[in-house]
Amino acid sequence: MTFYLETTSSNLPVLDADEEIIHAQNCVGLYFDDEKSPDYANGTLYISQKHVFYVDSQNAKKNSLKTRLSDIVDVNHSSRYFRSSPKVHLYLKFVQEKWACKICFYNNLGSTLDPCKNCGVAGRFRLLQADSHATEERRKKKGLCPTCTFQNYPDLLFCEICGTQLTRLPTAEHIQLSFRNGGSSRFFEVLNEQRKGLIEKKENALRDTNHLRKIIKEKSLRIGGIHGLQQSHALRLAQNGQTLVRAFQDLDAFFSLTRETMELADQFVERIQNLAGFAKQSDRVQQLLKRTQQLGLLRNNYANMVSDSSNARLFQVELCKSISELLLNHLKSDTDTITMTHAWAMYNRARKTELVSPTDFAKACELFPTLDLGIHVSKLSSGVSLFQLKLPNQREKFLSALLDTMQPTVTISQCAMKLHWSIGVTMEQLESAESEGYILPPKTTHNELILYILRLEIFMI
């Protein structure tokens, strides 16, 4: 069953607390059963530990869907056939449709042609299938809630009273994912891995629950009284000690194997790097170097692992969206600024693992003007890149905030403290304002740098 997907300001899916995006693929269209849907013709697919997300490229706020991995019964893959793109087929569980009775307002499961299970009224309230579809179309246009019958604004997606979804999502049991730009095989592998992991988690949880019930049942039959509790506590301490001993033994064995693996990897890298000069002369050596890069043995960054230009572009676009999410959370006011170096450190500190290199970060930030994610990138005269909120009349607002700090003099440190800027950014902004004629050149008094506002005729013009 498909559900409506809420997206962020950067057109990324809203995730749960224990959920993260594992794989992404763009240029994908959806088929419901065997019919192509014009509303879901081109978008980006995301896979997480719990869901498969579809974010539409044209209207992400309205035409975005998600389905749970637990609702997927079977997955098939079909390769390209003549002009037909490769497809991944999702077979979902059959979920009965809910409808509210017009007499007692009981929520029934099944067809609207069946009588109500609570009051049993059918007769003259029975609807024909054609009339049912026509009524549903009129209800969607008017914004009438099918559950509480509240008249909502026609453009709303959810009812203001009961929260029922007003837009009717596709309810097909067979969804085809059409990959127009390749990537279907990798998506199919990742999807199967996540489904397998989800099934293993359920089996392990069921096994642990049954084992715990068995232990509780055995102990409840054998142990009783204070003496039994003391024996149970001593037995638990002994078991915990044995578990810790085995854990430390496994940890020592793991460390020894890790050291051996690293030594072998270093030896392999030395031999591969000696062959790097012959890469252009031998195709086999070049192929070996490519495989080594894919394994990560040459210790290159993530961008070197992406060989295809389309995949590299997708990686940079998704990285740019993630960076914009971080910046929008930190840039609160119109005058807040963050340098690229500071933003890169903040982003890697939030990731904790699989850190992003400065080169990848800079390439992703170059996409801000084209993606229009609400972030403006400006470059100072010293070469420092500055992130700000994208607002109309950005320069005029900065100059107005700068001149507001003058009373009528101000030091660099005072200006930086008032505007929450760094010393370097404040100096560059003041020098820019000086070159534009808004303030006078600085004067030194008592070892402090003081900047004066230009004469009052500026404000009298």
Can you compute 3J(HN,Hα) from phi for each residue in the range 247-252, using the Karplus curve 6.51 cos²θ - 1.76 cosθ + 1.60 with θ = phi - 60°, rounded to whole Hz and x for Gly and Pro? 5, 5, 5, 5, 5, 4
Approximate spin-label separation residue 83-residue 359, in nm, with each point projected 7 Å along Cα-to-Cβ: 4.2 nm
If R₀ is 41 angstrom, what is the calculated FRET efficiency for the pair residue 215 and residue 14, using the beta carbon separation as r and rounding to 0.05? 0.55
Each label point is 7 Å from the Cα along the Cα-to-Cβ direction; what then is the distance between the points at residue 239 and residue 266, in nm? 4.4 nm
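With a 1.4 Å probe and every protein chain kept in, tell me what percent of the accessible surface of the range 1-68 is carbon plus sulfur.
Ligands and nucleic acids excluded, carbon and sulfur reach 44 percent.
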Dividing the alpha-carbon Rg of the range 309-389 by 2.2 N^0.38 Å yields what? 1.04
Once you've got the Cα coordinates, tell me which of 62/98; 62/321; 61/397; 62/87 are over 29 Å apart. 61/397
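The values are calculated or read from the model by the stated rules, or taken from the named source; none is laboratory data. Note that the coordinates shown come from a computational prediction; the quantities given were computed from them, not determined experimentally. Because the Cβ atoms are built from the backbone with ideal geometry, glycine has one as well, and the counts that use them run over all protein chains shown. Surface areas here come from the heavy atoms of the whole protein model, side chains and all, with no ligands, DNA or RNA. Shrake-Rupley method; radii C 1.70, N 1.55, O 1.52, S 1.80 Å.
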